[in-house]
Every structure is written in C-alpha cells, then in structure tokens.
Amino acid sequence: MSSPPRPNGRRILISAGPTHEPIDAVRYIANRSSGRLGIALAQRAANAAQDVTLLLGPTPLTPTDSRIALHRFQTTHDLDLLLTEHFPSCDALVMAAAVADYRPASPSPTKIRRAANPLTLTLEPTPDLLANCSSRRRPGQAIVGFSLEPAETLPAAAREKLIRKRLDLVVANPLETMDSSDIDAILLYAGGREVRIADHPVPKSAFADVLWTAIQELLDAAVPTS
Ligand code: CTP
C-alpha cells in the first residue's frame with residue numbers, strides 16, 4: 001500500500017490507547033483506556049497540516065483520516081520499539097497512551113490450564129517509556145505526558161510527575177476520564193503555569209483543540225532545531 005503524501009508541517013508523534021500485557025497464549029492484563037483523546041488530537045493536528053504519526057494500542061477506535069500515519073501496538077515492549085524508531089525525528093511527543101506499570105514477568109507461551117491450586121502471577125515493572133524519551137530528547141523537542149489521579153491528589157501528584165519525568169506539560173486527569181467521552185483535565189506547565197478549562201468537563205474532541213493550541217505554543221517557544 002502506498003503512503004499518502006505527507007504535509008510539510010511539524011512532526012507530531014502521539015501515543016494513545018491501552019497496552020495488553022500477556023499472561024499466557026490467550027489472556028492479558030489491560031486497562032480501560034479507549035484512545036479517544038489521542039485519536040482526536042491526531043485528527044486536530046492533521047487538520048492543521050502537520051505531519052502526524054499515531055501509535056495506537058488495542059482499541060476498537062481507529063482514525064479514519066489517511067493523513068495520519070498509523071502504527072498499532074499491543075504491549076509496552078511493542079510501543080517501546082515504535083518510540084525508539086519514531087521519537088528521534090519528532091518535534092513533539094504526546095504520550096496519551098495508558099502504558100501498563102507492571103506486566104507478567106514470565107508469560108506462558110501456551111494456555112494456562114485451570115487447576116485446584118491458587119495461581120500466582122509475578123509482575124515486573126515496565127520501563128518508563130516517557131521518562132526514557134525525555135532523557136534522550138534533542139533541544140527543541142516538546143514532550144507532553146498524562147497523569148491519571150484521584151481528584152484529591154491531582155495537581156500535586158501530576159506536578160511531581162512533570163518534574164520527575166522532565167516534561168514540558170502534563171495533562172492531569174481525574175480517574176473518571178478513563179473510557180469517558182468527556183474530560184475534566186488541568187494543564188500543568190514546567191514553568192509553574194496551571195490552566196483549567198472554564199466550562200468543564202468538556203467532550204474530548206473539544207479538549208483536543210485546547211491541547212493542540214497548548215502544543216503549538218510549546219513548539220513556538222522551543223529552540224528551533226537545525
Ligand atoms: N508512561 C510511560 N511508561 C510507563 C508508564 C507510563 O511512558 N511504563 C507514561 C504514560 O504514557 C503517561 C505517563 O507516563 O504519559 C503516566 O505516568 P505514570 O507514572 O504511569 O502515572 P499514572 O499511571 O498516571 O499514575 P501512577 O503514578 O499511579 O502510576
């Protein structure tokens with residue numbers, strides 16, 4: 001299949017959706033992420049004639065615009081490989097993917113049979129893909145992360161993540177955001193700025209416009225790369 005002509009905009013790399021971490025040949029550990037916001041953001045950036053690559057996890061939703069270069073992933077490891085390939089050349093990375101924090105340490109290649117004894121799974125931490133990208137960023141690259149927190153710890157925990165992962169911007173979401181068509185997020189910037197949406201919650205498609213404007217501002221403020 002030939003690729004559609006790519007516009008000459010900035011290179012925007014977006015990850016979205018859940019990961020599936022195999023337990024055995026037929027079972028996995030997942031989360032309720034739909035990928036809806038990442039897809040809406042990819043569409044918004046494509047409408048603005050940017051060069052958009054979307055790394056999308058296992059979700060029934062899919063973009064319909066052929067200007068979006070789409071790569072699917074299942075596991076954190078798959079996404080890691082895609083980021084290794086696509087992150088170095090992007091101008092902005094938006095990590096909306098709900099990456100697993102833990103995965104089965106030794107997935108069985110065959111189907112685990114039911115037995116009378118309890119089954120214990122050992123989970124190992126996954127690598128922090130976002131922090132790894134940010135540790136090898138070029139000057140001028142903008143990096144946006146997401147944080148999903150209970151409302152009571154939201155701004156503080158998200159700001160801690162922003163600092164620890166050395167992000168330019170973190171989209172701080174209450175837990176209710178996951179798998180919803182609406183979002184009630186706060187934008188927290190590295191410089192300390194905090195932006196709340198006036199009429200909240202808003203549909204994710206409308207929030208994609210807000211986020212896209214924020215990303216453009218980050219790119220305009222970034223040191224240009226040669
Ligand atoms: N992320 C990642 N690699 C991981 C886990 C998360 O790149 N192994 C990214 C996600 O894409 C998201 C951000 O990091 O942009 C979320 O950070 P995380 O530490 O997972 O926070 P939460 O899941 O929001 O909360 P918790 O701290 O409870 O894990």
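The values are calculated or read from the model by the stated rules, or taken from the named source; none is laboratory data. As the structure is a computational prediction, the values presented were derived from the model and not from experiment. Note that we place each Cβ from the backbone using ideal geometry, even for glycine, and neighbour counts take in every protein chain shown.
Quick notes on this structure:
- Within region 187-223, considering residues that are of a type in the set (Asp, Glu) and over 22 Å from Ala151 (Cβ atoms), the one surrounded by the fewest Cβ atoms within 10 Å (Cβ to Cβ): Asp220
- Scoring Leu188 on the criteria (1) aliphatic (A, V, I, L, M); (2) assigned to a strand (DSSP E or B); (3) near the ligand (Cβ under 9 Å from one of its atoms) leaves a single failure, condition (3).
- Cβ pairs under 9 Å, 6+ apart, first in region 151-167 and farther than 20 Å from Ser135 by Cα, second away from the ligand (no atom under 12 Å from the Cβ) and assigned to a helix (DSSP H, G or I): Ala151/Glu176
- Exclusive hit being out of contact with any helix residue (DSSP H, G or I) (no Cβ under 8 Å at 6 or more places or on another chain), farther than 24 Å from Phe207 by Cβ and without any contact (Cβ under 8 Å) to a residue 24 or more places away in the chain, set Ser135, Ser89, Ser106: Ser106
- Number of the condition not met by Ile68 [criteria: (1) buried (at least 20 other Cβ atoms within 10 Å of the Cβ); (2) touching a residue at least 40 places away in the same chain (Cβ under 8 Å)]: (2)
- Candidate set: region 105-154, residues that are modelled with pLDDT under 95 and touching a strand residue (DSSP E or B) at 6+ places or on another chain (Cβ under 6 Å); chosen: the one farthest from the ligand (Cβ to nearest atom): Ala151
- Verdict on Leu55 being surrounded by fewer than 22 Cβ atoms within 10 Å (Cβ to Cβ) and of a type in the set (A, V, I, L, M): no
- Test for Phe87: is it hydrophobic (A, V, I, L, M, F, W, C) and in contact with a Cys (Cβ under 6 Å, 6 or more places away or on another chain): yes
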